[in-house]
Structure formats: C-alpha cells, structure tokens
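The values are calculated or read from the model by the stated rules, or taken from the named source; none is laboratory data. Note that the structure is a prediction, hence the values are computed from the model and not measured. So basically every Cβ, Gly included, is an ideal-geometry build from the backbone, and we count neighbours across all protein chains shown.
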Amino acid sequence: MLTRREFLRAGGVALAGLSVPSTSRVALLHTSREAQAVEIRMRSDKLGTRVWFDPIGVYIESGQTVRWIVSENVHTTSAYHPRNSNHSLRIPPNATPWDSGFLSPGEHFELKLAVQGVYDYYCMPHEEAGMVGRIIVGKPTGPGAMPFDYYRGKPGTKNWRPVPPAARKAFPSIEQIMQERIVRLNWTT
C-alpha cells in the first residue's frame, strides 16, 4: 500500500510526463502496438550528397505502426499517390495516402498500415536523388507490385507524375524484401 507522499510523488511524475512538449508529427497514434513499431531512419551524409531511408525496404504485418525518424538533414515521407502532387499510385487503392510535411532532425512521423499490399514512398526534396522506400504489408499486391508505368493510357491518369529514373533504380525488389524482411543500403554516413 502506498503512503500519501509516495502516491503524490508518483502522480507528480506522471503529470510531468504529460507536460513535456513533443517534436513529433503523428498521423495516427496507436499505443496498443507501440512496442511493435518499425523504425525507419531518414538519413544523409554530412554534405547532403547522399540521402536515403534506413532501411529502404521492410516487411510488416497488417496493423503494425511505422515510425520515420529524421537523423540528419530535412526530409519528408510521402506516399506515391495522386493526392501528393499528382504522383502515380503505388500504394494499395484502399489505403490512405500520407505526407509528413517537412521534418527536421529529431522529429518523427508515424502511422499504422492495415491494408495489405506494397507501399512505395519518397522524400519530397530528395526524390530525384533516389530517396525512396518500400514497405510490404502482408501479401505483396496492388499498384506498387506492378511495373512503374502500369497506369499509362488508363482513364484519369493523364496527369500522373511518373517515378523518376533514379528512384526506380533505388527501390529494393519485392522478392528481396520478402526474403530478407529488412533491406538496408550498404552506405554509412
């Protein structure tokens, strides 16, 4: 049984924790799976000449939380989706697209992915440099599992922006992700 002093001290610590400001941007907060969150670092070398997501490819189960954390530089995590600057659709059709906005070192963005399929995403200021990533949730299906130009000639896709050549080359293959579960680039800062 706690004494009154121990009870008040514990309550003060709990309240102090609630008043700490956060530097994160959160799309959806799901504390029930917090321990199972997959972390992806947003990286850059000292000069900013090389930029990447670490890991660049991951496999997760439906309902897991993904947390992108900025280590260096300024980055975004943005789903390949027409709602994001008319990018071509490369996430499951029933999934909600995301765009973290610009994040600085130490900030993070997280969301829960529940719809099965392949999710391709990019960093807005570094897409042309090949800063892209791929997440597979459950079965590797949907537009992200198709060739990059699958949509050409289909109604309503005329204004879609294609995935740039450097980004196309950077994506890990679906087969590699399914086999290794976590795919990292061989770069170091």
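For residues that are in contact (Cβ under 8 Å) with a residue 60 or more places away in the chain and of a type in the set (S, T, Y), scanning just segment 46-70, find the one that is nearest to V183 (Cα to Cα).
For segment 46-70, the residue satisfying everything is Y59.
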* To do: Look at segment 76-103 and say how many of its residues are assigned to a loop (DSSP other than H, G, I, E, B), free of Cβ contacts under 8 Å to residues at least 60 places away in the same chain and not charged (D, E, K, R).
  => 12
* To do: Only one of these is over 17 Å from the mean Cα position of the chain (by Cα) and either buried (at least 18 other Cβ atoms within 10 Å of the Cβ) or under 26 Å from E61 (Cβ atoms) (or both): M178, M131. Name it.
  => M178
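Here is a yes/no grid of residues against (1) out of contact with any Leu (no Cβ under 8 Å at 6 or more places or on another chain); (2) part of a loop (DSSP other than H, G, I, E, B):
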| residue | (1), (2) |
| --- | --- |
| F109 | no, no |
| P125 | yes, no |
| G133 | yes, no |
| P147 | yes, yes |
| P155 | yes, yes |
* Taking segment 157-187 only, how many residues are outside any loop (DSSP other than H, G, I, E, B) and either of a type in the set (A, V, I, L, M, F, W, C) or in contact with a strand residue (DSSP E or B) (Cβ under 6 Å, 6 or more places away or on another chain) (or both)? -> 10
* Examine segment 19-37 for a residue that is at pLDDT 80 or above, touching a helix residue (DSSP H, G or I) at 6+ places or on another chain (Cβ under 9 Å) and aliphatic (A, V, I, L, M), and state whether such a residue exists. => no
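Here is a yes/no grid of residues against (1) closer than 22 Å to F53 by Cα; (2) free of Cβ contacts under 8 Å to residues at least 40 places away in the same chain:
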position: G117; (1), (2): yes, yes
position: Y121; (1), (2): yes, no
position: H126; (1), (2): yes, no
position: V132; (1), (2): yes, no
position: V137; (1), (2): yes, no
position: P140; (1), (2): yes, yes
position: G144; (1), (2): yes, no
position: N159; (1), (2): no, no
position: P165; (1), (2): yes, yes
* **Criterion violated by P97 - all others in (1) within 20 Å of S173 (Cβ to Cβ); (2) buried (at least 16 other Cβ atoms within 10 Å of the Cβ) satisfied** => (1)
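Conditions tested, residue by residue: (1) buried (at least 20 other Cβ atoms within 10 Å of the Cβ); (2) within 22 Å of A166 (Cα to Cα).
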| residue | (1), (2) |
| --- | --- |
| V51 | yes, yes |
| D54 | no, yes |
| V70 | yes, yes |
| V74 | no, yes |
| S78 | yes, yes |
| E107 | no, no |
| Y122 | yes, yes |
| E127 | yes, yes |
| A145 | no, yes |
* To do: For K112, indicate whether it is basic (K, R) and touching a helix residue (DSSP H, G or I) at 6+ places or on another chain (Cβ under 9 Å).
  => yes
